[in-house]
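Here is the structure we will look at, set down as structure tokens.
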Amino acid sequence: MRKHIDLEEWSTCCGCSACAQACPKGCITMQADGEGFLYPVIDENTCIACGACEHVCPIKNTSPEPTGEPDAYAAYSKNTEQRLESSSGGVFSLLAEEILQNSGVVFGAAMSEDCRKAQHIAVERQEDLWKLRGSKYLQSEIGSTYRQAENALKQGRRVLFSGTPCEIEGLHRYLRREYENLLCVDLICHGVPSAKLWEKYVSYRENCAGAAAQRTFFRHKKYGWKTFAVLFEFANNTAYEQVLSKDLFMQMFLQNLCLRPSCYACAFKKKNRVSDITLADFWGCDSVCPELDDDKGLSLVLCHSIMGRTVFKAIEGKIVMEPVSLEKALYGNPSLVKSCKKPEQRDAFMMQMDSLMIPQLAQGYLKKPSLSSYIKQLIPVPLKRTLKRFLKR
Ligand SMILES: Cc1cc2nc3c(=O)[nH]c(=O)nc-3n(C[C@H](O)[C@H](O)[C@H](O)COP(=O)(O)OP(=O)(O)OC[C@H]3O[C@@H](n4cnc5c(N)ncnc54)[C@H](O)[C@@H]3O)c2cc1C
């Protein structure tokens, strides 16, 4: 029997775990490799070589890109409190509330209690939705949530399943049929950083603070949506807070040093998705719809299917929105269709991740910001806008 699923390039595995959940013998476990990314490992003694794992693999069976063009919108939630807790415009929370009405269930990524892992969970009550709110910049462990979602769908319950594009493709392959009661929401995804690096970073921050982390926020909006900050709250009532341009973890992530190998050649970066709705930050909104940008968060919403359009229509009264051209929206957010470039030092960085401390890793591998980007950071946002308008004339 085989030890691994037969992929041409092992590094293309996206870790969605559809294979582990489809195995009738339960002989596949998701195990972390040296870099901290989960891969399926088959127990050779119990495997019956039925092929179910390979049949559901979204990498072995890439689905053809659906035809047509999604409808694109700039949108934000009128619920300011929720919007400020969300990474972009807070549209996810409204879609989730819509599904929770009438006994629906919502699946998405939540942080573990020790702040070290992102894990997919099911939420059934509106008051628990905060757990899914906000981006967690590490790969969420899917666990058995595809199976749980399938059970709920078969019971006729409405289900919203949210995740990265590969997780939604994995769910589609796992389910093997369409369900009228399923709403899939994916994201424009930069790529997922190593969970092992995040764990190391949490320990480093805990050591600095002298106490355990109780809550972490990757995208706190204290200084605005665009200049977002990383925030840790510790058990001794202290906190760490740093804007993204100075936070070491965010810089390692955004300089692409620690992404999952498959993310550098993502198979699911396309305009048309198998998901019903794609959500993203509306980066570049200044030139497309500046009137909607108050720096509290603006979402780019792409509706791909009738189901997506119907649910988005149902929340119309709760959002401020404007239809936009897909081409213009793409201009500020090429991650919809393009993978990140793998830096030359990426593999050396990952090899040294265990032996070096966080500040040493940063010192050895992070590029220093250029003088022009440093100057840009110093200019306040309203002044930047005025300058931009002036230069356009
Ligand atoms: C790893 C990652 C990379 C991203 N890269 C980009 C990018 O390059 N460009 C861009 O425009 N937007 C990106 N996003 C999406 C963006 O940050 C927002 O999540 C999105 O705009 C939705 O925002 P919201 O305000 O509507 O809802 P929010 O409340 O902010 O979003 C919550 C939703 O995100 C999901 N989620 C959170 N963390 C994870 C995770 N680790 N894995 C799977 N799902 C998760 C939750 O399940 C929930 O559905 C990324 C998100 C993640 C998680």
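Can residue 338 be described as among the basic types (Lys, Arg) and open to solvent by 30 Å² or more (accessible area, probe 1.4 Å)? Explain how you work it out, then say what you get.
Details: among the basic types (Lys, Arg): yes; open to solvent by 30 Å² or more (accessible area, probe 1.4 Å): yes.
Criteria met by residue 338.
Could you list, in sequence order, all residues of region 29-70 that are in contact (Cβ under 8 Å) with a residue 40 or more places away in the chain, acidic (Asp, Glu) and within 20 Å of residue 192 (Cβ to Cβ)?
35
So, in region 296-319, how many residues would count as being exposed (fewer than 15 other Cβ atoms within 10 Å of the Cβ) and either touching a residue at least 12 places away in the same chain (Cβ under 8 Å) or within 14 Å of the ligand (Cβ to nearest atom) (or both)? Talk me through it step by step, then tell me what you get.
At the first step, the residues of region 296-319 found to be exposed (fewer than 15 other Cβ atoms within 10 Å of the Cβ) are 306, 310, 313-314, 316-317.
Still in the running and either touching a residue at least 12 places away in the same chain (Cβ under 8 Å) or within 14 Å of the ligand (Cβ to nearest atom) (or both): 314.
Residues meeting the conditions: 1.
Filter the helices (runs of 4 or more DSSP H) completely within region 301-366 down to those with at least 2 residues that are modelled with pLDDT of 95 or more and aromatic (Phe, Trp, Tyr).
Answer list for region 301-366: none.
Output the residues belonging to region 15-57 that are open to solvent by 40 Å² or more (accessible area, probe 1.4 Å), farther than 22 Å from residue 191 by Cβ and hydrophobic (A, V, I, L, M, F, W, C).
Residues satisfying the conditions are 48, 49, 50.
A quick yes/no check of all residues on (1) out of contact with any Gly (no Cβ under 6 Å at 6 or more places or on another chain); (2) assigned to a loop (DSSP other than H, G, I, E, B); (3) away from the ligand (no atom under 12 Å from the Cβ); (4) free of Cβ contacts under 8 Å to residues at least 12 places away in the same chain:
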position: 72; (1), (2), (3), (4): yes, no, yes, no
position: 81; (1), (2), (3), (4): yes, no, yes, yes
position: 87; (1), (2), (3), (4): no, yes, no, no
position: 92; (1), (2), (3), (4): yes, no, no, no
position: 95; (1), (2), (3), (4): yes, no, no, no
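Which one is farthest from residue 364 (Cα to Cα), of the residues in region 255-279 that are at pLDDT below 95 and open to solvent by 40 Å² or more (accessible area, probe 1.4 Å)?
Of everything passing the filter in region 255-279, 271 is farthest from residue 364 (Cα to Cα).
Looking at the structure I just gave you, is residue 212 touching a helix residue (DSSP H, G or I) at 6+ places or on another chain (Cβ under 7 Å), open to solvent by 10 Å² or more (accessible area, probe 1.4 Å) and closer than 30 Å to residue 358 by Cβ?
yes
When only residues in region 217-242 that are in a loop (DSSP other than H, G, I, E, B) and charged (D, E, K, R) count, which is nearest to residue 293 (Cα to Cα)?
If we take residues in region 217-242 being in a loop (DSSP other than H, G, I, E, B) and charged (D, E, K, R), then 226 is nearest to residue 293 (Cα to Cα).
Condition test on residue 221, is it among the charged types (D, E, K, R), open to solvent by 10 Å² or more (accessible area, probe 1.4 Å), within 12 Å of the ligand (Cβ to nearest atom) and out of contact with any strand residue (DSSP E or B) (no Cβ under 7 Å at 6 or more places or on another chain)?
It is true that residue 221 is among the charged types (D, E, K, R), open to solvent by 10 Å² or more (accessible area, probe 1.4 Å), within 12 Å of the ligand (Cβ to nearest atom) and out of contact with any strand residue (DSSP E or B) (no Cβ under 7 Å at 6 or more places or on another chain).
Just wondering, is there one or more residues in region 199-216 that are of a type outside the set (Ser, Thr, Tyr) and within 16 Å of the chain's Cα centre (by Cα)?
From region 199-216, those of a type outside the set (Ser, Thr, Tyr) are 199-200, 202, 205-215; that's our starting set.
Going one step further and asking which of them are within 16 Å of the chain's Cα centre (by Cα), we end up with none.
Looking through region 199-216, none of the residues is of a type outside the set (Ser, Thr, Tyr) and within 16 Å of the chain's Cα centre (by Cα).
Yes/no per residue for (1) touching a strand residue (DSSP E or B) at 6+ places or on another chain (Cβ under 8 Å); (2) free of Cβ contacts under 8 Å to residues at least 40 places away in the same chain; (3) among the polar types (S, T, N, Q):
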residue	(1), (2), (3)
107	yes, no, no
117	yes, no, no
123	yes, yes, no
129	yes, yes, no
144	no, no, yes
157	yes, no, no
170	no, no, no
187	yes, no, no
203	no, yes, yes
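I need every pair where a residue in region 258-285 that is on the phi > 0 side of the Ramachandran plot has its Cβ under 8 Å from the Cβ of a residue that is at pLDDT below 95 and outside any helix (DSSP H, G or I), sequence separation at least 6 or different chains.
That search, which allows pairs on different chains as well, returns 284/333.
If you scan region 337-368, which residues turn out to be hydrophobic (A, V, I, L, M, F, W, C) and over 16 Å from residue 254 (Cα atoms)?
337, 348, 351, 353, 356, 357, listed by residue number.
Of the conditions (1) part of a loop (DSSP other than H, G, I, E, B); (2) over 19 Å from residue 307 (Cβ atoms); (3) among the polar types (S, T, N, Q); (4) open to solvent by 60 Å² or more (accessible area, probe 1.4 Å), residue 102 satisfies every one except a single condition; which number is it?
The one condition residue 102 does not meet is (2).
The values are calculated or read from the model by the stated rules, or taken from the named source; none is laboratory data. What you are looking at is a predicted structure, and each value in this text was computed from that prediction instead of being measured. Counting neighbours? That spans all protein chains shown, and the Cβs are built from the backbone with ideal geometry, glycine included. Areas reflect the complete protein model, heavy atoms only, side chains present, ligands, DNA and RNA absent. Shrake-Rupley method; radii C 1.70, N 1.55, O 1.52, S 1.80 Å.
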